[in-house]
Each structure stands twice: as C-alpha cells, then as structure tokens.
There are 2 protein chains.
Amino acid sequence: MSRASRAFLFLASVSLPVSIAKADEGMWTFDAFPAAKMQADYGWAPDQAWLDKVRTAAVRLTGGCSASFVSDAGLILTNHHCVATCVEQNSTAENNILKTGFTARTREEEKMCAGQQAEVVTSIRDVTPQVKAAIANSTGEAAVKARTAIVAQLEKSGCPDTAKTRCQVVSLYGGGQYKLYSYRKYSDVRLVWAPEAQAAQFGGDPDNFNFPRYSMDASFLRAYEDGRPVATPQHLEWSARAPVDGEATFVVGNPGSTQRMFTSEQLAFQRELVLPITLAAFSELRGRLISAMESSPEKEREAAETLGGVENSLKVYIGRVKALNDPAFTGKLAAAEADLKATSAGNAAIGNPWGDVAKAMSTYRNFYIADRFSLPSGDLFGYAMTLVRAAAEKGKPNADRFPGYSDSALPLVEKRLLDERPIYPWLDQLTMEWSLSKSREYLGADDPQTRILLGKESPEGLAARLVNGTTLADPAVRKALWEGGQAAVDASKDPMILYAKSIDANDRAIQKRFDAEVDAPLTAAQAKLADARFAAYGDTAYPDATFTLRVSYGKVAGWMERGKMVPTTTVLGGTFDRATGAVPFDLPPAFIANRSKIDPKATYDFVTTNDIIGGNSGSPVVDRQGRVIGAAFDGNINSLGGNYGYDGSINRTVVVSTAAVQEALENIYPAPHLVAELKGK
Amino acid sequence: MSRASRAFLFLASVSLPVSIAKADEGMWTFDAFPAAKMQADYGWAPDQAWLDKVRTAAVRLTGGCSASFVSDAGLILTNHHCVATCVEQNSTAENNILKTGFTARTREEEKMCAGQQAEVVTSIRDVTPQVKAAIANSTGEAAVKARTAIVAQLEKSGCPDTAKTRCQVVSLYGGGQYKLYSYRKYSDVRLVWAPEAQAAQFGGDPDNFNFPRYSMDASFLRAYEDGRPVATPQHLEWSARAPVDGEATFVVGNPGSTQRMFTSEQLAFQRELVLPITLAAFSELRGRLISAMESSPEKEREAAETLGGVENSLKVYIGRVKALNDPAFTGKLAAAEADLKATSAGNAAIGNPWGDVAKAMSTYRNFYIADRFSLPSGDLFGYAMTLVRAAAEKGKPNADRFPGYSDSALPLVEKRLLDERPIYPWLDQLTMEWSLSKSREYLGADDPQTRILLGKESPEGLAARLVNGTTLADPAVRKALWEGGQAAVDASKDPMILYAKSIDANDRAIQKRFDAEVDAPLTAAQAKLADARFAAYGDTAYPDATFTLRVSYGKVAGWMERGKMVPTTTVLGGTFDRATGAVPFDLPPAFIANRSKIDPKATYDFVTTNDIIGGNSGSPVVDRQGRVIGAAFDGNINSLGGNYGYDGSINRTVVVSTAAVQEALENIYPAPHLVAELKGK
C-alpha cells in the first residue's frame, strides 16, 4: 500500500492482493495466462509464442500510459491524451499545435517530449526467495527497511547499464510474490503526429467515460537513441480493418492500480475518509482552473491539459463513490469476503488477516489527514523537494535511502527534473495555493503541521512569494543544484528550496510512521490473504494491477443500458450528426474542411469486454492474428467501479480503431509517409 | 419533505417528524416548553409569563436569520453575517462599507436592506382538525392538492391585512399537527451599525465552526413603518455583563431545518446520493468563485458574501458527510430506530411506516437527479422564473396554485422581486454557467432534460447570451412585467423570460411527480412515525426545526476535545495574540487603531450547550432574568452533525457577547448614541 500522496512513486512498496476472475475479468501476467479458461470460453487461446511476440512489441510510457511499436523504425502508437502534455508544451500562442494538430513531415521535425520515457520488458525474474529471506521474521519499521534494502540491491545489480536498462522489483499478490522486471529503456521520445485536440476530445468531459463516442484519441511517438530512430523489428502488424462483433480481442498494457481485494475495512476507509476529501478537493481545483482559464486565451491553452486531467480523475472518483454507495455492488464484494473467510476457517496458517488489516487501517485513520496533507502540489515545489531529497539521499548507502531515491530509480528522477519544458508560474501558484489551503482546511488552522506548512503566512501569500521568488523554472538552475549536490543545496537561497527544506523533516517522520504502523502490518496481512485465496481458488486468481505489463482477453461487444442495447461501434460520419456547434460538441476545423473526403461509414470507436483501468490508456488492442486493430483509450461509465470489481455484463473498454486512424492519416490530416511506414512500405 | 432545490421555499409543504430530547437537547415550541425537565436538571425553569415576554421580543428575518428587539425604537440585534449582503449591496468601490464598517450617525443615514423583512409571531393556532378533514382519505396527488388548498385558504382568511400581517401554516411532527402562525411584519428594515467585515469574519473559513473564536459577528438593524421607526416597548433588556460559567441560557430563534427523525432509508438517501453531489458541486462553485475574485478587487468585493455563504454551507455539508460516515454516530441513530420499532411492535394503528418511507425514497431515487437539476441558479434567472410563474398562477383560484404563489405568499415574493439592489452580471453568469454545467454532468449530455435546459447551446454560451441579453437587472423592468401580468410576460422578448418559459413545463411535471410519489406517501408515513413516538415517549418529544420560533435551554460550558478542555470564553485581547498579519488572520484596522483603548480582558465570544442549527443565526441568548447577553452566531465543529442528532457532551453554540458589542460601540467604532439607546437612556 502506498502513502496517500504518493501513487506510483515507488512501485516496490505497493503491495496489493490477488483477485479471482469471472467471465472476461482479469489483468493477467504473461507467465500465467489462463489459456485453458479462454479455450473453454472462446474455442481458441493464444500459445506462449503468440504471447511472447506480442509482449516484445508492448511499450510502457513513464508518463503513466501504455503503447506499442507499430513500425520497424521505433514508431509508437498511443492515445492523444497520453501525449497531450507534450503537445501543449510544444505549443505557443503563435503556433498552438494542441489546437491545430501536428504532423512531422520529416524526422527532423519530430518534437521532444519532456519527462517521457518508453520502456519494453525484457525479462521477469522471481526474486521472492531473496526478498522473503531478507525480511525474515522482522516486523514494523525493520521489515520495511529490510525490504527496501534488498529491493534496492536487486534492482541495482540487475541493471548495471543504467543508460539503456531499468530494473524494478514489483510486489504481486500483496507481498506473496516479488518479481524483478528488467526493461530496455528509451529516454528520448519524440512527437510524430497528433490530431487536433478537439478531434481527440470531441464531447469533452460530458462524453468522457461514455459511449457511443466519436473520439480520435490517438497519436504517434517515436523512440530515439543516440539521435537516431530505434530499430524495432518486433513491432505489431498494423491492420486498418473494422472490428467484427464478437471477435476475440486482447489488450496488452500496463494497468496502473486496482484495489479489488480490499477487505471491508479498507473499503470503508475509502468510502468514509479518502473519497469525500478527494471529491471536495478536486472539485474545488476544477472550479479554480475553469474560472482562471476563462480570464485569458493564454491561460486557456496553458492549463487545458491540467484541467483535462483533473476532470478525468474526478469522474473516476465520482464513479468510485457511486460504486461504494451501491448496495448491489458492495454486496458482491462482501459476499466474496464472506466466502473466503468461510473457506479459510480452520486453516491455522492463515489466521485472521482481516483483523490485522482492520487494526492497521484503524491506526492509519489517526494520521491519514497528516499524511495526505504533508506536502503541497506544484511543479516548482516538486523540483525543489526532489533536489533537497536527492542531495541528502545520494550520500547514503543505496539500501538506506528514502523511497524513490535508490540508484535504480535516480536516472528517471534526473530525467524528469532536468528535461526542459515550459513552466506557467500562474498555474503553479494556483495549484500550490489550492493545496496549501486544503492542508489548512483539513488539518485545522491550529494544527502543528499547519504551522510547519504555513508559518504565519496565508496559502495565498506563501504560494505567491515562493513562485515569484524561485528560479527553478530554469533547467540550468536545476542542473547546477543537481550536480552541485548537498553543498549546492545548502548554499542555495532560492525560497522554494528553503521552503522544501523546512517541511522535509515532518514528511519524513510521517513516512517512517506509515512504514512501521501501516505498510508493514498491511503487507504481512495481505500476503496471508493471498495465501488464503490461492488455497481456496487456485490459479483462477490474478494479482491487482501494479503498472506492469498485463494481458486481458475479451471480445467486441455492446451492452444493455437501462433496457436498451448500446451499439458496438460508431462511424466517422456520426461525428457530424452529434456536433452542435457549441463547445465541447463543436467540430474540429479539419473535419469541416475535409468532410467530403471522409468516409462516413468508416469505423471510428468501438467497445470490447476487456478488463482495463487507468494506465492501460494507449494499449494496443490486438486480434487473434496478433495484429493491432485499435488503441484502448477509455472505459464506459460502468467501468468506473472497476477499481474494486469487474462486471463483464456492463463493463466495457472503449477503443479508437486503426481504421479511423488510417482514415485520418489519409483524408483529414494527410500524412502519406506515415501510412506507408505503418504498411511497412 | 421539500423538493431538492427548494429548501424553505414553501414551509407549509415541509413535513418533518418528531425528535426525542436528551440532556439539553431540543428546539421547543413555546406552547410545549419542558419546564419540569429543566426544573429537575437546573433547579429552575421559566414560567409562561417569562416565555411570553421573551417571545414578543423575538424577530424572524426573512433573509433566513433570527434576531431580537433591543430598544423601544425598533432597534434589532442580529449577526453581521445576517446583514452582510445588505452591507455589501450598500457598498461601492469608493465607499466600501463592508470593509470599513458602518455606523449611521442619524436615523436618516440608516440604509435600506433589499428583500429583508422582520416578523414577530403574534399568535399560533392549532388548525390540525381543518387540515386533516380536508385531506380526509385522499392519497397521492389528491392529498397534496387538498392540503395545498386548505392551507392557502387558512392563510388567506387568517391574515386579511396583508400590508402588516403574514400567515403561515406549518406542519409539525411530520403531518401530525398543523399550526397557523400569524406574524406582525415589518417590510422596511434598515442597516444601523455593522463592524468591519474583518472583525466579524476574523479567522475566516478556517475558524468558522471552531472555538476558541474571536469574532464580532454582530450588527444592528431597525424596523420601520410608514417611514418611521417602529415602537417596540416589548424589547429585551440589554445586559453587557460577562457570562458566568454554568449559568442557564436560553436561545430564542428560528432553527431552519433538522432531519433528526429520518429513518435509515432517508439517511442512506442523503449519504449515498444527495451529499456526494452536494460536496462536489459546491466545492467546484467555491473554486470558480475564488479564482474569479482573485482577478480584480471589484469582483473580490462583489462576490465576498456569495463565497462566504458557499463556504459556510460547504463546511456544514462536509460535517454532515463526516457524521453519516461515523459508525458511532449512525449507530446511535440506528439504535433509536430499533427501539421505536420494538416499542411499536403490535400496535396495529402504526403499521409499517418504515416500509412506506423506504418505498417513497426508492421511488425518489428514480428522479432525484432530474428534480435537483431542473432549474439553473442565478438571481436574474430567479427573477424571470418568478415573473413567469406569478403571471400564470395569479389567474388561478388561490387554492389551486403552484407552491409559493398563494395569496398569503405573494407579498413577500413581490417585495423580493421588486426591491432595488445591485446585480453583478459576471457573478450571475458564473453561477448560471456552473449550475447548467452541473445539470449536464449529472443528467448526462444525451438526457432529454439536458436538451430542454441547453438545446444545442453550451452552458457557457447559454449563460452568456441570457445574462448579457436580459434587462431584468432593472427594477423598473421587473415592476412593469409584474404589474403587466400574463399579457406583459407573453409579449416580452427578454431572453431570460423566454428561457424561463421554455423550461417551466418540465419543472412543473417534476413537481407533480414529487407531490404524488414522494411528498404524499412520505407525509402519511411520517405522521404515523410521529404517532409511534408520542405513544412510546410522550411529551419528551419536540418537532424537527421548521424555521419557526423555538426556545432552547442550556448553560454556559466548554467541552472536552481530544482529551483537552476547551475554555468557555475568549477575551478581546486574544485577537491580537491570534493575529498573524496574513489573511484571514489579519487585524481589522479599527482594532489596530484603537488597541490602547480596548479592554483586553472584556469577554468576546463564548459557548453554551444550547441546541441550535442554521436559521438560529442572530438569535438572542437570554439569561434567567430575560436579559440579552449575546447573539448566537455559530456552532462548534461537533455540532455539524446536528442536522441528524445532538450530543450534549460535545455540541456547542457559539455566541458573541453583549459585553464585546458594547466595548466595540464605546471604543472601536464609537457610537455613543447607540449605547445610550441600548441602555434606554
């Protein structure tokens, strides 16, 4: 379990338990694909060679998305929303490519994406014995320290070539298994093609997570190394054909996080404590952004992707609140828990992990607010905290470092810190002011932590002073502090650096408390829950999502919604029927200009029963022949409870078809050279 | 039960059940004060003469607050936050009296408060037999129509002098009792004195609902009639003494609404459906306001009171979410329900009202979203809807009208419509855009009601077009349409009027459905629940709050918070210790300028165990001798669950003392003529 404010920061500390698959449910690891079950349901299942071939073409994007190689020259298919920040950062008031779309006519025109890295799994090794031996019988803080140390060591020794490889130890099945994932990494990723944002986001927030849908949520990137495109002979074959109702589909990607085996106490913690705060805080941020963006076209452009991200997250959280307040949904989860308890009764090796989880969650209630509101938001503050922490941590042995600063983690930390990208001070100030005001609100004005965060200043005054005073927006300044290490950080008079230093100790103390009182007992209890599940249900189980490569199988299919069948596909011509002329249902200019050329009957988006979640965005949707026929970009509204459970009758993955992407490359945003590359010509 | 979007619109349709008092719990009607219980607990209790005397000095403000006469010339004590809108509407960029405070040196300087009316109860008559006879055995829509008709008739015949009196039938005990309240009304209310807003709001949202507190949340109004101050010989005696720990206190005022006898189904409806939407929607509005106000000092001033109201409501809703997610709190409610069920078992006359409530709430789940999002927000839209509805309703018999348009209700409707006050188009546009976007979000982009509300326009475009195009900000335009009636409304080309007409029918259909499927069965069921309670617990019961006059008894007392005793009082000098110089803990300039004159030991604010809720703001806090020693202005943080239940060990009322107000009048905002008037000299 990761700390409140640190999702995805340190995957090795994420310990999530195991789920039991029904229908097309499941996010399967490549070494445990349920071929027999699929064979029984579909009359066909892939063999290991098929799986291996697909796996080597699958790409993880460190921005938090999935993707795939689709040509032999490093061309990567993903979603527009996965690269929108890159598009926005390469836009200017004069040349707003987020609005106009972008096509690189030559390799030289391809544009750098700051902070983005593409990764391909090269091996997965079981390191459970080493990790369990290191933890041995220790508990509490000692158990976490022992785990941190062995993980840091395994990751470092597993990938000595830090320029081209990356290693991560991932805890599967709630601490029951530890796997060392090795990746070939490409840290130079460039933008090749993006449609108009309005084509990708047609229907905006109202249509997000809904279907029928008319969205060109696709883009192309290219992986580079040493200034040249990477050779990728293992790419997926491009197939611009329409999907067929009922045909089998595979989604190959990196689902970020699920919580499907939470006990009732963990669900109550979410419903009672976490989600109401999230709902209120994110809604307020949404409102702050909307009003600020309406005040000028520059702000509208500069914060568009931030607002999109906030609205997307908010819709997910609203869906989770709805799911956890739906007695039918929670009843199923409670029944599953009761069944496991009954099946495990009398198994002395299992004991009472439910009680242990309850105790840990009860303890966490005492300091969850302090944990959640220990650090403000904001890119500039993030730079400062990274510099302060890295300076201190690099001086320590690899095994003793704060989460996220081990030798294996530092290269990506450095890339994210030093990559040049625009900073919008007004937006950083807004974000920081908002988060500091939420800290004060939830902690209370008189809480000692509020005094640590604010001193005698107001959130408004402090955010303004720090953002206006810092020079960290300049990459050269960051580079000097990074390379200067502890001495440079100690000597810095930058107000953001001074501020990060002033609140560092408090956050470290909370991390320590979290490790000892929450993470350690929870990991131990969840490992036992995983054991109970394996004993009860055998290999029908799959691990919760961990932003590592998984494969989901399913089929092209609509669903029944309030007594009506929702169709499986939309066609490009439908966009013109749905358009109202008013935001966000206004047509993208290129659609208007090229209307006569666009095939109105070409498949646009479609739905499948595949089981996915955030992090799967951009995943290739692959047919039985291993060809890519689309890129997954969304779930339907019923899938918003997917964090806690999957219902194959109504949960759907939403996909933009290769047919639509090729139609766009041929007739909307003409790029014949890309079509040729995709066709391997 | 009132419809989702219509709190307080038509009190006669509010049917709320009966609560059982423990400790100092209870919002008692003046004809059922529990003297024996108080005598037993306190060794003293007021007699009827004492109660009658206090009652005649109590004032209800139609803006949603309580107050009291405190001189023989119509001087009214209430809270600053109850008059802040009036202060803000009388402010300009050049003379911002919200910021500087205001003291009328002469009667001529006293300033009109738009829409505000002061009301004093003159009689309360039991009309239960008439109402029950009219309803007879009818159910569903017929029952609601019969009730509406008899209520309209009773109110009209009870108060023939509509210039000076107002009648309201109020349903107590969930439809078990109907009482006809007659009021002497004063529709000309003027502002006499207000401190700097920063003195009233010191500590802002962070300190709201917290204690220790340093707030001068007091103001004076004056009631006028025929251009002259009203003679009020029945006023309360002013006593600027400090409160004594443990002394008995009475709060006399108009608690707005409580839901203490909700069944488990009604609580689930709140927790699962109503509150998450409220939390998200209000938080977003808060954010939109904050960002918009930061863009200019004018907007900062113009929306300050709107934001204050939103933040106050939001804090209440967050408190309610917390209460309903607290197993200890809800456990007590569940135990009370179980006890009532057990005690009522076998009583055939009671039947199964819990099941009836569950059925009604289950039905309401089907159209709650439609109901809640049937009309947009905004003052200009509100004017338009009132004009459209009033024109149609005035042509119908009094008994057949839409809620809120009976003859007895129309005078206040007219006053609120025609009173001159500033309109800020940007703020109306922001509010309307927000509410329309929430309608689309929760209904869905493809819902038929979304099409009725938006047509093919966006929330942004529609709100801009209507607000920019309407002339309803001009009171003369509103007057012409009001007096011109149906013909004038039919002929109007004002876009806001046309829009109100276009969405009227849909909202009326929802009202009809609500009456038939929710209000009627719920009222019948709640009346039976009230019978069950009376049978089980006798007269230890009090009705839920209905924004009618109540008296609460209690005592001056602190409470234990996380193992520490919170003190009972604060002193004026504490303000200087708490000030940080940063908003909202910056000192009001008059406090700085007059620091040497201010008695640092003078009592500022204090807490009592009285049981109050929103609507009680401004209520006089009265001692055993019937003298006013403060004005209630807030509850403590634990009282935020007070909507559903009261816990005498931790729920507290927060009061600004008369001692502090007099110190302010003598040494901070010198007004010797007011001090003399209060002392009766």
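Could you tell me how many of the residues in region B:552-599 are out of contact with any strand residue (DSSP E or B) (no Cβ under 6 Å at 6 or more places or on another chain) and over 28 Å from B:Met38 (Cβ atoms)?
Result for region B:552-599: 30.
Do we have any residue at all in region B:251-265 that's surrounded by fewer than 21 Cβ atoms within 10 Å (Cβ to Cβ), within 14 Å of another protein chain (Cβ to nearest Cβ), in a helix (DSSP H, G or I) and touching a residue at least 60 places away in the same chain (Cβ under 8 Å)?
yes
Within region B:524-556, track down each residue that is polar (S, T, N, Q) and modelled with pLDDT of 90 or more.
Step one: list which residues in region B:524-556 are polar (S, T, N, Q), which gives B:526, B:540, B:546, B:548, B:552.
B:Gln526, B:Thr546, B:Thr548, B:Ser552 - these are the residues of region B:524-556 that are polar (S, T, N, Q) and modelled with pLDDT of 90 or more.
Please verify whether region A:214-224 includes one or more residues that are within 14 Å of chain B (Cβ to nearest Cβ) and either free of Cβ contacts under 8 Å to residues at least 60 places away in the same chain or outside any helix (DSSP H, G or I) (or both).
Yes.
Check whether at least one residue in region B:435-445 is assigned to a loop (DSSP other than H, G, I, E, B) and either in contact with a helix residue (DSSP H, G or I) (Cβ under 9 Å, 6 or more places away or on another chain) or at pLDDT below 95 (or both), and report yes or no.
Among the residues of region B:435-445, at least one is assigned to a loop (DSSP other than H, G, I, E, B) and either in contact with a helix residue (DSSP H, G or I) (Cβ under 9 Å, 6 or more places away or on another chain) or at pLDDT below 95 (or both), which makes the answer yes.
Listed here are the residues, each with its yes/no results for (1) of a type in the set (A, V, I, L, M, F, W, C); (2) in the same structural domain as A:Ala579 (by TED's automatic domain parsing); (3) under 25 Å from A:Lys415 (Cβ atoms).
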residue: A:Arg107; (1), (2), (3): no, yes, yes
residue: A:Ala133; (1), (2), (3): yes, no, no
residue: A:Ala152; (1), (2), (3): yes, no, yes
residue: A:Thr162; (1), (2), (3): no, no, yes
residue: A:Phe211; (1), (2), (3): yes, yes, no
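Mind checking which pairs have a first residue in region A:34-50 that is open to solvent by less than 50 Å² (accessible area, probe 1.4 Å) and a second that is basic (Lys, Arg) and not in a loop (DSSP other than H, G, I, E, B), Cβ under 9 Å, 6 or more apart or different chains?
Matching pairs, first to second residue: A:Ala45/A:Lys37.
Under 6 Å between Cβ atoms, which residue pairs at least 6 apart in sequence (or on different chains) link something in region B:186-198 that is over 16 Å from B:His673 (Cβ atoms) with a partner that is open to solvent by 10 Å² or more (accessible area, probe 1.4 Å) and among the β-branched types (Val, Ile, Thr)?
That search, which allows pairs on different chains as well, returns B:Tyr186/B:Val230.
Out of A:Thr162, A:Thr92, which single residue is assigned to a loop (DSSP other than H, G, I, E, B), without any contact (Cβ under 8 Å) to a residue 60 or more places away in the chain and surrounded by fewer than 19 Cβ atoms within 10 Å (Cβ to Cβ)?
Within the list A:Thr162, A:Thr92, the selection yields A:Thr92.
Of everything in region A:456-466, what is open to solvent by 10 Å² or more (accessible area, probe 1.4 Å), touching a residue at least 24 places away in the same chain (Cβ under 8 Å) and either closer than 18 Å to A:Leu285 by Cα or not in a helix (DSSP H, G or I) (or both)? Give them in sequence order.
A:Glu460, A:Ala464
Sort out which residues of region A:223-250 are open to solvent by less than 20 Å² (accessible area, probe 1.4 Å), under 24 Å from A:Asp623 (Cα atoms) and within 25 Å of the chain's Cα centre (by Cα), and write them in order of number.
A:Thr232, A:Leu236, A:Thr249, A:Phe250
Is it true that some residue in region B:486-504 is in contact with a helix residue (DSSP H, G or I) (Cβ under 9 Å, 6 or more places away or on another chain), closer than 21 Å to B:Ser377 by Cβ and free of Cβ contacts under 8 Å to residues at least 24 places away in the same chain?
Looking only at region B:486-504, we keep the residues that are in contact with a helix residue (DSSP H, G or I) (Cβ under 9 Å, 6 or more places away or on another chain), and these are B:486-492, B:494-504.
So of that shortlist, the ones also closer than 21 Å to B:Ser377 by Cβ come out as B:494-504.
Imposing the further condition that a residue be free of Cβ contacts under 8 Å to residues at least 24 places away in the same chain reduces the set to B:498.
Taking every residue of region B:486-504 in turn, at least one turns out to be in contact with a helix residue (DSSP H, G or I) (Cβ under 9 Å, 6 or more places away or on another chain), closer than 21 Å to B:Ser377 by Cβ and free of Cβ contacts under 8 Å to residues at least 24 places away in the same chain.
Please report, ordered by residue number, the strands (runs of 3 or more DSSP E) entirely within region B:473-589 with at least 2 residues that are away from chain A (no Cβ under 14 Å) and open to solvent by 40 Å² or more (accessible area, probe 1.4 Å). Give the steps one after another, and end with the answer.
On the way: elements: B:541-543, B:550-555, B:559-561, B:564-566, B:569-571.
In region B:473-589, the matching strands (runs of 3 or more DSSP E) lie at B:569-571.
In region B:319-342, which residue that is surrounded by fewer than 16 Cβ atoms within 10 Å (Cβ to Cβ) and within 10 Å of another protein chain (Cβ to nearest Cβ) is farthest from B:Arg286 (Cα to Cα)?
Applying the filter and picking the extreme gives B:Pro327.
Would you be able to tell me the number of residues in region A:294-318 that are assigned to a helix (DSSP H, G or I), open to solvent by 10 Å² or more (accessible area, probe 1.4 Å) and either facing another protein chain (nearest Cβ under 8 Å) or within 26 Å of A:Ile637 (Cβ to Cβ) (or both)?
Result for region A:294-318: 14.
Does B:Ala218 count as crowded, with 24+ Cβ neighbours inside 10 Å, touching a helix residue (DSSP H, G or I) at 6+ places or on another chain (Cβ under 6 Å) and among the small types (Gly, Ala, Ser)?
Yes.
Could you list, ordered by first residue, the pairs with Cβ atoms under 9 Å in which the first is in region A:669-681 and among the charged types (D, E, K, R) and the second is open to solvent by 60 Å² or more (accessible area, probe 1.4 Å), at least 6 apart or interchain?
So the pair list comes out as A:Glu677/A:Asp72.
Here's a check for you: in region A:165-204, which residue that is modelled with pLDDT under 95 and either under 20 Å from the mean Cα position of the chain (by Cα) or among the aliphatic types (A, V, I, L, M) (or both) is surrounded by the most Cβ atoms within 10 Å (Cβ to Cβ)? Full working, then the answer.
So the first thing to find is which residues in region A:165-204 are modelled with pLDDT under 95, and the list is A:171-178.
If we keep only those that are either under 20 Å from the mean Cα position of the chain (by Cα) or among the aliphatic types (A, V, I, L, M) (or both) as well, we get A:171-174.
Details: A:Ser171: 25, A:Leu172: 24, A:Tyr173: 25, A:Gly174: 27.
Applying the filter and picking the extreme gives A:Gly174.
Taking A:Ala348 as the residue in question, decide whether it is at pLDDT below 95, within 25 Å of A:Asp634 (Cβ to Cβ) and not hydroxyl-bearing (Ser, Thr, Tyr).
Numbers: at pLDDT below 95: yes; within 25 Å of A:Asp634 (Cβ to Cβ): no; not hydroxyl-bearing (Ser, Thr, Tyr): yes.
No, not satisfied.
What pairs can you find where one residue is in region B:325-340 and more than 23 Å from B:Gln526 (Cβ to Cβ), the other is in a helix (DSSP H, G or I), and their Cβ atoms are less than 8 Å apart, with a gap of 6+ or different chains?
Final answer for the pair search is B:Asn325/A:Arg271; B:Asn325/A:Glu272; B:Asn325/A:Leu273; B:Asn325/A:Pro276; B:Asn325/B:Arg271; B:Asp326/A:Glu272; B:Asp326/B:Gly641.
The values are calculated or read from the model by the stated rules, or taken from the named source; none is laboratory data. In this text the structure is predicted, and so the values were computed from the model without any measurement. So basically every Cβ, Gly included, is an ideal-geometry build from the backbone, and we count neighbours across all protein chains shown. For the accessible areas, the whole protein counts, side chains as well, though only heavy atoms, and no ligand, DNA or RNA atoms are used. Shrake-Rupley method; radii C 1.70, N 1.55, O 1.52, S 1.80 Å.
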